[in-house]
Amino acid sequence: MNDTDIEQLRRFNRALTLRIGVLDGSYLGRGRPLGQARLLFEIGPEGGDLRLLRERLGLDSGYASRLLKSLAAEGLVTVEDDPDDKRRRRLALTPEGRAEHAAYDALSDDFARSVLGPLSAAQRARLVAAMGEVERLMAAAAVTIAVEPEDSADARHCVEAYYRELDRRFEQGFDPGSGGYASGAAKDAGKGCFLVARLDGRPVGCGAVRALDAETGEIKRMWVAPEARGTGLARRLLDALEEQARGFDMR
């Protein structure tokens, strides 16, 4: 990484924020700034879990609370306790909120046409391809990898997805109870670990490693979600597992 790369990214950010109206206090002419508009759009007609939306959008609790209060004051959003888990809060759009969502959806299409319209067919193809590449690379840069208990909800989600994929790929199906797959990857403290990779708060990959002896380790349950493939995540997981294995206490 050099100063030229950093300056190019900063210049791109300035051009993009100007072009898409981030600085406009009335995003797409609907009377509210981009933060409120984006949260309204992300809640969507299906509603959503507040914690998951905060993680996906990278919002701290205070800012998210202020955005929600503004939307609720307009009669666009309701916030209620999740009946299945009182620690969680569910967000839903009111009928007025759904109408605003539809308006933003249509205006966003119009904005996209205003960007693509002046370009030739070849230029549009280049821009769309470039945006797809930027999106994939930005996603790759946003992935985090951390050690996690094997029985956490996200760890179980990844392992179950891994087993389902193996079951689809094998002609005779796959039994996770055979071949040692059902056993823990790190039963002995200090001699194994489980890693979970996340993108915008969502688990998108996992891997486990356990030491067999002072010089040998075994990597297990390596899996990357389809939407995160092609981003280099598998290599990052392998590197992280190897780094963890170097720190195992084999005394």
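The values are calculated or read from the model by the stated rules, or taken from the named source; none is laboratory data. All values reported here derive from a predicted model rather than from experimental measurement. When we count neighbours, we look across all protein chains shown, and the Cβ atoms used for this are built from the backbone with ideal geometry, even at glycine. Note: accessible area is taken over every heavy atom of the protein model, side chains too, but ligands, DNA and RNA are not part of it. Shrake-Rupley method; radii C 1.70, N 1.55, O 1.52, S 1.80 Å.
What to note about this one:
- Residue in the range 116-128 that is open to solvent by less than 40 Å² (accessible area, probe 1.4 Å) and part of a helix (DSSP H, G or I) present: no
- Any hit, the range 75-96, residues being surrounded by fewer than 16 Cβ atoms within 10 Å (Cβ to Cβ), out of contact with any Ser or Thr (no Cβ under 8 Å at 6 or more places or on another chain), on the phi < 0 side of the Ramachandran plot and modelled with pLDDT of 95 or more: yes
- Filter result (touching a residue at least 60 places away in the same chain (Cβ under 8 Å) and of a type in the set (A, V, I, L, M)) within the range 223-251: 225, 228, 233, 237, 240
- The range 214-240, residues that are open to solvent by 70 Å² or more (accessible area, probe 1.4 Å) and farther than 18 Å from residue 148 by Cα: 214, 215, 226, 227, 229, 230, 235
- Screening 8, 36 for residues that are buried (at least 16 other Cβ atoms within 10 Å of the Cβ) and polar (S, T, N, Q) leaves exactly one candidate, 36.
- When the helices (runs of 4 or more DSSP H) confined to the range 1-92 are screened for residues that are farther than 28 Å from residue 110 by Cβ, those reaching at least 1 such residues are found at 3-20, 50-57, 61-73.
- Extreme residue, nearest to residue 58 (Cα to Cα), among residues of the range 194-210 that are modelled with pLDDT of 90 or more and over 12 Å from the mean Cα position of the chain (by Cα): 196
- The residue list 63, 27 contains one member that is modelled with pLDDT under 95, farther than 22 Å from residue 139 by Cβ and crowded, with 16+ Cβ neighbours inside 10 Å, which is 27.
- Lone unmet requirement of (1) in contact (Cβ under 8 Å) with a residue 40 or more places away in the chain; (2) open to solvent by 60 Å² or more (accessible area, probe 1.4 Å); (3) under 23 Å from residue 199 (Cβ atoms) for residue 47: (2)
- Within the range 137-164, considering residues that are exposed (fewer than 15 other Cβ atoms within 10 Å of the Cβ) and in contact (Cβ under 8 Å) with a residue 12 or more places away in the chain, the one farthest from the chain's Cα centre (by Cα): 149
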